[in-house]
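Here, each number is a calculation from the coordinates, and none is a lab measurement. This is a predicted model, so every value here is computed, not measured. Glycine also receives a Cβ, built like all others from the backbone with ideal geometry; neighbour counts cover every protein chain displayed.
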């Protein structure tokens, strides 16, 4: 069953204790789609600028990602993020952001994609998330993400997105900011009250927490001994999670728990190298091998 | 099978976002013994001062904790810790410490206890941990704890303790300090190299990680919505863990994993109130009920 993702495709400049990379392929929708495409056909809605290289376009196409919704704008450059990580790889520090095309673009969902059953609204302006959602006929499961910027600048829009989607996937810092609750169990309950039936809180190296109307499930992270670059880990997590659900055409409690494992495994590959470098070589066999190891690691 | 613990019995002054308590019963051995005594006979080696009230003595005796190794010194006062927690309940800030009896005392293990099979060397000076160990005939499983102070001031002594015991239980900050490794998977491997066959790293609200010669197992924390006072959580964790192993007379891989659950559950009760207030009313039935809930919470 096909999966639709709305979000950003970007250039990233990233410095981590392991090194520095400039103008590498990044963005929330890129990581999400790349991760999900291991498991299911994934179609992408995003905008890039006139400076976006054919080489990156070919890379996305080669992965089998649907690009009919990827608009190349001729009057602006591609979204560009520059950031760094210190010893605490859980926290990204932003050096600067050039929004470029992101400030000008309104998402258009190609007609053939409007009946997709599984939809992920990756980090983007709430108004863009709502605009994409308006074009969908009757999706079976819609999850959204957000970030500090939108919590600050368009809380009303974000709360509308929460009420109109089935659930939210966000990191611990964002969950605290959005709910005002320090304790993540209480934060999840508050997210339910704010309209998200499904709340998924990512905690980086500390794993992830799922709450569906108060029923909980938690996972530690997969043990990665050498984290090279955490950029995109959260989006890969969401991609693995939604890819798993779409592939199995399932949205029940048991499927959501297994999808949390799939997300964890996808993210564990993502952080092992810069940009998409490790995910590029990931195939289903490797994914399933690590899923097995992880289940062993968790088994009592 | 009886369990022996060496450590501190203390007065605590504690401030948390939930309130303030002065001169409440605390100390590493107190929390450990109180937690373990839910599951097994637990005997305590520690020193208190002339100011230690009969009321606290009666409390420990009433719990069935063996007190023949609890020395009341007449020339000094009881160890006293004053600390506080801010919004991040994972990190205790020390206001001040009065070592008092701890600086003067040498542990004496009563002859009847020297053949105990399960031994926990809770946080204490490495020289005291070694002195207690010298008096044991042939324990089956010895785990130790430590803290920043001893890592700084007597690393050589601590490394001797590590080589002479089966394993170490410590928190994430201590593991990083002791090994110089930020990544906890790598820290665990380093602890093995330093002499601990079993390495257990506690991460507070983020759960705990077990590594035995490189074989790993991780748990999230039990979801507690209202943490009142984290003091003693780590010692209660160790008490639940060792109490479980001693009760089942087991030290194998499967038992260690279940013991991690027992530790997690015990700690989850500890943090729900100040001092020992919540643990005081904990019985085996409540413990087993929450164990069941937790297994449900973790189940795939």
Theoretical FRET efficiency, 1/(1+(r/R0)^6), r = Cβ-Cβ of residue B:22 and residue A:255, R0 41 Å, to 0.05: 0.20
Chain A residue with Cβ closest to the axis mapping A onto B, distance in whole Å: A:206, 2
Projected label distance in nm at residue B:194 and residue B:155, using a 7 Å step from Cα toward the beta-carbon: 0.9 nm
Length-normalised contact order for region B:3-298 - Cα pairs under 8 Å, 6+ apart - percent: 18 percent
Ranking of B:94, B:74 by count of other Cβ atoms within 10 Å, fewest first: B:74, B:94
Exposure proxy order (Cβ contacts within 10 Å, fewest to most) of A:117, B:211, A:196: A:117, B:211, A:196
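Arranged by the count of other C-beta atoms within 10 angstrom, fewest first, what order do A:151, A:45 take?
A:151, A:45
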For residue A:94, label point 7 Å along C-beta direction: distances to other copies, nm: 4.0
Label distances, nm, residue B:54 versus same residue in remaining copies, Cβ-directed 7 Å point: 9.4
Inter-centroid distance (Cα atoms) of region B:148-208 relative to region A:251-300, Å: 28 Å
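Report the FRET efficiency, 1/(1 + (r/R0)^6), for residue B:99 and residue A:114, where r is their Cβ-Cβ distance and R0 is 56 Å, rounded to 0.05.
Computed FRET efficiency for residue B:99 and residue A:114: 0.20.
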Label-point separation, residue A:277 to residue A:300 (7 Å along Cα→Cβ), nm: 4.1 nm
Pair residue A:90, residue B:248: separation of 7 Å Cα→Cβ label points (nm): 2.9 nm
Separation of alpha-carbon centers, region A:51-101 and region B:4-37, rounded to whole Å: 52 Å
Cβ-Cβ FRET estimate between residue B:226 and residue A:74, R0 fixed at 51 Å, reported to 0.05: 0.35
Residue-averaged [θ]222 nm for chain A, counting only DSSP H segments that reach four residues, each worth -39500 (n - 2.57): -11000 deg cm²/dmol
Share antiparallel - DSSP beta bridges, the protein assembly as shown, percent rounded to 5: 45 percent
